[in-house]
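Q: Starting off with a structure, shown below.
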There are 2 protein chains.
Amino acid sequence: MTYCIGIKTNEGLVFASDSRTNAGLDNVNIYSKMMTHDIGDRTIIVVTSGNLGTSQAVYKSIEEDLKTQNIEINLNTCKNFEQIASYIGGLNIKHSSPQGMNTDNVLLGSTFLVGGQIKGQKHELYLIYPQGNYIRPADSKPYLVIGEVKYGKPILDRVVKPDISIGDASRCALISMDSTLRSDLTVGPPIDFAVFKKDADNLVALDCLNITDDTYSKICNQWSESIFKIFDSFPRFKWEKKFK
Amino acid sequence: MTYCIGIKTNEGLVFASDSRTNAGLDNVNIYSKMMTHDIGDRTIIVVTSGNLGTSQAVYKSIEEDLKTQNIEINLNTCKNFEQIASYIGGLNIKHSSPQGMNTDNVLLGSTFLVGGQIKGQKHELYLIYPQGNYIRPADSKPYLVIGEVKYGKPILDRVVKPDISIGDASRCALISMDSTLRSDLTVGPPIDFAVFKKDADNLVALDCLNITDDTYSKICNQWSESIFKIFDSFPRFKWEKKFK
């Protein structure tokens, strides 16, 4: 499996994705699932979960389309993020049903998160389904997750709101990722991590974090330790007083 | 779905179970999933997830067996908790394949957590599978969960250790339940909640908590608020300093 997070706050965007791929528990590998395109008038971040063959074919097509001259549509010619979502959705359908492959019994679908900003427009975040259609996040819960989404959802639900800073959103994404890593073997390091501040020319941060890296470990260790402090400060049950 | 938690620390046992049942999103109901037997030399707590018909039939059988005189096996005649787990496992198989029902296409399995103590023996916790066999929790992570287990697992993984008090284990169970309630519609209040202290004659606490009840809401609200304090105390990323 995989776990990818996209958060869109008023201040900007945060993306995080793990790097573990597996075809069964005994066939585990490390692949980056993030692609960034940070050129000219646009910054675009894509992360993906699902069938690795399909995801890689889509990324490869995106790169080839960028190199092809006089092509009708590529990441640079799309007029807005809805066109970008539609373009990636089209590639997703194309590559998830390659010629001659029976997709009735073999599910080859992939899911993508794509976000960023084109100069003069708003910053955007989309989730693209294996069927090629797409959604934006809800205004009140401005995040989208794909892959092994359940372990990391509670902390996002409690913390992510439109008005939190991209710093807090970044720390929340790393904790959400850490919770998932600890609870599920199919999600693993390193963590690709990208931060975009609204109206900036380039990405604010683009990192590949290992769990021993300072940036990652300081936040996650402090989180674990602080949880115990919260537990110390909780009110006691009436029945606990009898034992003391 | 359902979410049930069983925690076994050195000091005792904590059980929590939600009350929502659903057959599709448009057919939702409230049923208690907890059964307690706190009589004579033994305290036994059972919680269940899975097919409601099977779970109810098993509980009904347990109660009828207790009333039947000269019966070979019931909760009172079992010599230890392994026998209790085996007894419930047997009822589970019996009722999940009722005569004439085609179970090839219809999955009627239920899962149970059972724990407690028989005087003079150790306190115990078992998970009983739909197949009727059973396991005990790992020594290092002394908890078992059934049903919609993923949302609430990270907080259990971080907090539950053999040496925490049953008070902390209780608060952790309620937060784990609250995280699941908030993220998944198929898990809902009220929360049945039972606490047993090792070598005690009876349950220390047996409650049916609504989310507006003081016991529940104080802990869960304080948890939500404290999380934001942790976020305020986190170290900042280098790139954040540029914005200030």
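Q: Within the stretch A:109-116, is even one residue more than 10 Å from chain B (Cβ to nearest Cβ), in contact (Cβ under 8 Å) with a residue 24 or more places away in the chain and more than 14 Å from the chain's Cα centre (by Cα)?
A: Yes, the stretch A:109-116 has at least one match.
Q: A further question on this structure: In a helix (DSSP H, G or I), facing chain A (nearest Cβ under 9 Å), open to solvent by 10 Å² or more (accessible area, probe 1.4 Å) and touching a Pro at 6+ places or on another chain (Cβ under 7 Å), is that true of B:LYS229?
A: So B:LYS229 fails the test.
Q: Oh, and also: I'd like to check which strands (runs of 3 or more DSSP E) are fully inside the stretch B:1-60 and have at least 2 residues that are open to solvent by less than 10 Å² (accessible area, probe 1.4 Å).
A: B:3-9, B:12-17, B:42-50
Q: If you don't mind, there's one more thing I want to ask. Looking at the structure I just gave you, is A:ILE211 over 23 Å from A:GLY6 (Cα atoms), surrounded by 13 or more Cβ atoms within 10 Å (Cβ to Cβ) and not aromatic (Phe, Trp, Tyr)?
A: It is false that A:ILE211 is over 23 Å from A:GLY6 (Cα atoms), surrounded by 13 or more Cβ atoms within 10 Å (Cβ to Cβ) and not aromatic (Phe, Trp, Tyr).
Q: Go through the stretch A:187-203 and count every residue that is open to solvent by 30 Å² or more (accessible area, probe 1.4 Å) and under 21 Å from A:TYR151 (Cα atoms).
A: Looking only at that region, the number is 1.
Q: Turning to a different aspect of this structure: What number goes with the only condition from (1) open to solvent by 20 Å² or more (accessible area, probe 1.4 Å); (2) more than 15 Å from A:SER183 (Cα to Cα); (3) in contact with an Asp or Glu (Cβ under 9 Å, 6 or more places away or on another chain); (4) not aromatic (Phe, Trp, Tyr) that B:MET177 does not pass?
A: Looking at each condition in turn, B:MET177 falls short on (1).
Q: Would you mind stating whether A:VAL149 is under 16 Å from the mean Cα position of the chain (by Cα) and either more than 10 Å from chain B (Cβ to nearest Cβ) or open to solvent by less than 30 Å² (accessible area, probe 1.4 Å) (or both)?
A: Taking the combined requirement at face value, the residue does not satisfy it.
Q: Looking at the stretch A:174-196, can you tell me whether even one residue there is in contact with a Phe, Trp or Tyr (Cβ under 7 Å, 6 or more places away or on another chain), touching a residue at least 60 places away in the same chain (Cβ under 8 Å) and within 17 Å of B:PHE228 (Cα to Cα)?
A: There is at least one residue in the stretch A:174-196 that is in contact with a Phe, Trp or Tyr (Cβ under 7 Å, 6 or more places away or on another chain), touching a residue at least 60 places away in the same chain (Cβ under 8 Å) and within 17 Å of B:PHE228 (Cα to Cα).
Q: A further question follows. If I ask for residues that are open to solvent by 50 Å² or more (accessible area, probe 1.4 Å) and not polar (S, T, N, Q), which ones from the stretch B:72-92 would you list?
A: B:GLU72, B:ILE73, B:LYS79, B:GLU82
The values are calculated or read from the model by the stated rules, or taken from the named source; none is laboratory data. These numbers were taken from a predicted model, which means no experiment stands behind them. Glycine gets a Cβ as well: all are built from the backbone with ideal geometry, and neighbour counts include every protein chain shown. SASA here: full protein model, heavy atoms, side chains in, ligands and nucleic acids out. Shrake-Rupley method; radii C 1.70, N 1.55, O 1.52, S 1.80 Å.
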